[in-house]
Amino acid sequence: MRIVSVTAHVPYEGVPHAGGQYVLAHLRALLERGHEVTVVAPAWRGNEAAAERLRAESGIDVIVCPPRSTGRAAEWWDTQQIRVFPVRPPLRFHRAVRDAPAVRRAVQRADVVEAHWTELGWTTRAVRGINPAARHVVIAHDVIAQTYERVFAATRPGTLARLLGYWRNASVAGDERRVYRDADAVLTFSGKDAAYVRRLSGSDRGTVLRPPFPTSPSRSAPPEGPPTVLLVGAFFREVNAQAAQWLIDDIIPLVRREHPDVRFVLAGSGPTDRMRAAAATDPLLEVTGEVVSLEPFYDRATAAVVPLRMGAGLAFKTVDALTRGIPVVSTTVGAEGLSGEGAAAGLVVADDTASIAAALSRILADPDGSWRAARPTADWARAEFSAETFPRRLEHALNPEGEPS
């Protein structure tokens, strides 16, 4: 197949966020199956430099579309548009992709046009008329309406924020519904998200495609050395920064009442100034910043914690720890698409400070027993998110009527 892949972030080896890592695995799987791939992206967030790396690493043709307007005023206007219409990419970038002659030529000859992230689905629906015969697919990394429902639920009745929440919920749901209804298929990473897409769109378009995770060695016993709790995240994302601050301010002090020697490691790019300041005064708290590889941090982790309060969709950081056999303590948000779908003893779900701290303390008190109990969960996760079967599963999801192979 000839596939045009429209993405918010051009991926490359070592891209410092889970969404980009998925897109890279996705593109590599398509190449492995012999498909011709053209990547299209707006010229934002470092995509030009990333495109150079992807071309050099894979030979994939990458079209980066610069907007006509630039500068601080244009960036300010982008921010306002995203606040008002979160499902839609900023208009200048939307038009840049929609109107680029190279994009139009690629779409005209495509068998499949896919959009990574719902926001880029808003753009691919605008180019659908160029080639109505092509199959149009949205890969919904997150179902955005779920996030705004949670934000709305957290606002106080009778406030301006509450009134704004009513409007924002309706706006987001309406735009997301349009994107999903105009697609031939919507791929999600969990059964919960697929059901939400079907309900929102009033159609049968929601299909589950489990993302791939490398089958790195899964240990059956905790690592030697000091007890260590790991939180992984791209902390430039507000939901991850909020989770880290909750961990630092409230959860760590409770855990240390019972385990004063436990180390906490917050590994990932974009840590906030408050996170760095906390680490500067706490010798048992490490804030890494961007790292070349997370492997050394997973290798030293006794437990992983995922204290997300906001967000939606599958938390890759949770799956990554589970596949390695590491016991995980997560909120309901961080366990979406896992708890109740197969994950068992290796994933403890708790939503308040005391319960999260207590669950971590139980693991630290008996790490050997906790790791033994987590083993069946690791086996399930490794099978469910198999990298070996992903290329075939992806090909079928993009073209279910194609020849079986």
What list of whole percents do you get for P(r) of region 228-384, with Cα-Cα distances grouped in 5 Å bins up to the one holding the largest distance? 2, 10, 21, 24, 23, 14, 5, 1, 0
Using the beta-carbon distance between ALA195 and GLU32 and R0 = 30 Å, what value does 1/(1 + (r/R0)^6) give for FRET efficiency, to the nearest 0.05? 0.50
Give me GLU258, GLU395, GLU149, GLU224 sorted ascending by neighbouring Cβ count inside 10 Å, so fewest comes first. GLU224, GLU258, GLU149, GLU395
Give me the dipole magnitude in Debye, nearest 20, for region 228-384 about the Cα centre, with unit charges on the beta carbon: positive for Lys and Arg, negative for Asp and Glu. 120 debye
Top mean-square fluctuation among LEU91, LEU394, LEU230, Gaussian network model of the chain, C-alpha springs under 10 Å? LEU91
What does DSSP give for region 228-384 in terms of the percent of beta bridges that are antiparallel, rounded to the nearest 5? 5 percent
With each pseudo-label sitting 7 Å past Cα toward Cβ, what's the THR353-THR281 distance in nm, one decimal? 1.6 nm
Burial ordering of ILE248, ILE130, fewest other beta-carbon atoms within 10 Å first: ILE130, ILE248
Using θ = phi - 60° and the Karplus curve 6.51 cos²θ - 1.76 cosθ + 1.60, what whole-Hz ³J(HN,Hα) does each residue of region 291-305 get, with Gly and Pro shown as x? 10, 5, 8, 8, 3, x, 7, 5, 4, 9, 7, 7, 8, 10, 10
For region 228-384, the charge dipole (Cβ of Lys, Arg +1; Cβ of Asp, Glu -1; about the Cα centre) points to a positive end, and the Cα of ALA244, ALA312, LEU230 closest to that extreme belongs to LEU230
Residues in region 295-318 that a label on ARG393 would reach, taking backbone N under 15 Å of a point 7 Å out along Cα→Cβ: 314-316
Net dipole in debye of the chain [+1 Lys, Arg Cβ; -1 Asp, Glu Cβ; about Cα centre; nearest 20]: 1260 debye
Among ASP352, ASP184, ASP320, which comes first, second and so on when ranked by fewest other beta-carbon atoms within 10 Å? ASP352, ASP184, ASP320
Inverse mean reciprocal Cα-Cα distance (Kirkwood Rh) of region 193-276, Å: 16.4 Å
For the chain, compute Rh as the Kirkwood radius over C-alpha pairs and then the Stokes-Einstein diffusion coefficient at 10 °C and 1.306 mPa s; write the answer in µm²/s, rounded to an integer. 72 µm²/s
For region 379-393 and region 283-304, what is the separation of their Cα centres, given in Å? 25 Å
Using the beta-carbon distance between LEU91 and ARG53 and R0 = 22 Å, what value does 1/(1 + (r/R0)^6) give for FRET efficiency, to the nearest 0.05? 0.20
So ALA221 and ARG83, fully extended at 0.36 nm per residue minus their Cα-Cα distance, gain in nm 45.1 nm
Under 17 Å from a point placed 7 Å out from the Cα of ARG45 along the Cα-to-Cβ direction: which residues of region 114-137 have their backbone N that close? 115-124
Amide proton proximity set for VAL306, modelled H, under 5 Å, gap of 5+: VAL329, SER330, THR331
With springs only between Cα atoms under 10 Å apart, run a GNM on the chain and tell me which of ALA221, ALA194, ALA161 wobbles the most. ALA161
So how tilted is helix 18-32 from the main axis of the chain? Cα-based, degrees 0 to 90, rounded to 10. 60 degrees
Suppose we take every Cα in region 291-370 and form the convex hull; what volume per residue is that in Å³? 96 Å³
Could you derive backbone 3J(HN,Hα) for region 231-248 from the dihedral phi with the Karplus parameters 6.51, -1.76 and 1.60 (θ = phi - 60°), listing whole Hz in sequence and x where the residue is Gly or Pro? 10, 10, x, 8, 7, 6, 7, 4, 5, 6, 5, 5, 4, 5, 5, 4, 4, 5
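Only the coordinates and a few stated rules stand behind these numbers; no lab work does. Remember, predicted model here, so these are calculated numbers, not experimental data. Glycine gets a Cβ as well: all are built from the backbone with ideal geometry, and neighbour counts include every protein chain shown.
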